[in-house]
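The values are calculated or read from the model by the stated rules, or taken from the named source; none is laboratory data. What you see is a predicted model; the values in this text were computed from it and never measured. Glycine gets a Cβ as well: all are built from the backbone with ideal geometry, and neighbour counts include every protein chain shown. Side chains are part of the model used for accessible areas, which takes the heavy atoms of the whole protein and leaves out ligands, DNA and RNA. Shrake-Rupley method; radii C 1.70, N 1.55, O 1.52, S 1.80 Å.
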Amino acid sequence: PPSRPRRVADRVHGRGAVDMKGGVAAFLVAARRLRGSAGDLPGRLSLVLVCDEETFGPLGARGLLRRRPDLLGDALVSTEPSSLGLVRVAERGYLWLMVHVPGQSMHAAYPGAGEGAILRAAGFARRLAGLVAEVNRGLAAAHPPPAARDEAMDRLLGDGAARIVREVSLNLGTVRGGLAVNMRPADCRLSVDLRVPETVDPQDLLGRVEELAREAGARVEVLGRGPANSTGEDADIVTAVTEAVTRRTGHRPVPSTGIGCTDARLWRHAGVPACVIGPDPATMGTDDEHVRLAELEALVDILCDSARQYLSGES
């Protein structure tokens, strides 16, 4: 999508309009509005805008909180995409891995070269997909779905959303290996993204992946990891946001688990209640990413209303 924003009727189009320039804009307007009545707020509101969230890197929220732990505060609201019909109070964990698969380099036309590293990596990938499918079959049998909320998640986030957040998901993000079309590759590297629900122990899953890798003569490097995390649905900040959405839209939002991971996890890991309310994610990352201005206006009202309620202690 184009980097330069453009307005078409009641929508703003452009890269990052949903994720998450729209949410940032709503926060900026809300903070400015609240600052005008700061004397009436019995507390402090901090606006925290950071980079590095997409890669779970060290330079954004993690680095900031190391230097400024006071910015943890007592509660967090994030405007990551969620839709105004859902308040995200939980997230799956993640395992980011690099799998190194060795091979033997030689001319491909000659005998004795054996299987190249890329073919061996492909075999490992198929077995990894089979492992994830096996784990998910076990989860489906052991943990029946809470059907009452599935309809709302599927309607607002797309068919299958409610099922996905209860499962392990697998993505092979990059494949790198080989020198030339006529050479057996000496090595191949696969980057692996696994998202893990709270019903699965990430360490146990990592052990099973490492066992598959050993069988393939490969090595697993852990690029990053984090456990599933959640905030109680009865937390004051969740109540404040839920009631603010209900007053503004006329519909009570459904508490849900986020499909992706956000920086809210860092606050939850520190014991701070956190929730997410933001724009509709339907066009996020597409060639026509856009956000409705009316939705952003509603989000500003919700942020202001929930901040006043939370800071006044009326939840």
Could you run through region 205-230 and say how many residues are modelled with pLDDT under 95, assigned to a strand (DSSP E or B) and either open to solvent by less than 60 Å² (accessible area, probe 1.4 Å) or in contact with an Asp or Glu (Cβ under 8 Å, 6 or more places away or on another chain) (or both)?
2
If you take the residues of region 24-36 that are touching a residue at least 24 places away in the same chain (Cβ under 8 Å) and not aliphatic (A, V, I, L, M), which of them is farthest from residue 77 (Cα to Cα)?
33
Every residue in region 91-104 that is surrounded by 16 or more Cβ atoms within 10 Å (Cβ to Cβ) and not in a strand (DSSP E or B), please.
92, 103
Would you please name the residue that is surrounded by the most Cβ atoms within 10 Å (Cβ to Cβ), looking only at residues in region 170-204 that are free of Cβ contacts under 8 Å to residues at least 40 places away in the same chain and under 19 Å from residue 133 (Cα atoms)?
201
Looking only at region 110-126, decide whether some residue is under 30 Å from residue 157 (Cβ atoms) and under 19 Å from the mean Cα position of the chain (by Cα).
no
Output the residues belonging to region 262-298 that are within 11 Å of residue 81 (Cβ to Cβ) and either of a type in the set (A, V, I, L, M) or without any contact (Cβ under 8 Å) to a residue 12 or more places away in the chain (or both).
276, 277, 282, 284, 291
Exclusive hit being in contact with a strand residue (DSSP E or B) (Cβ under 8 Å, 6 or more places away or on another chain), of a type in the set (A, V, I, L, M, F, W, C) and more than 27 Å from residue 119 (Cα to Cα), set 209, 196:
196
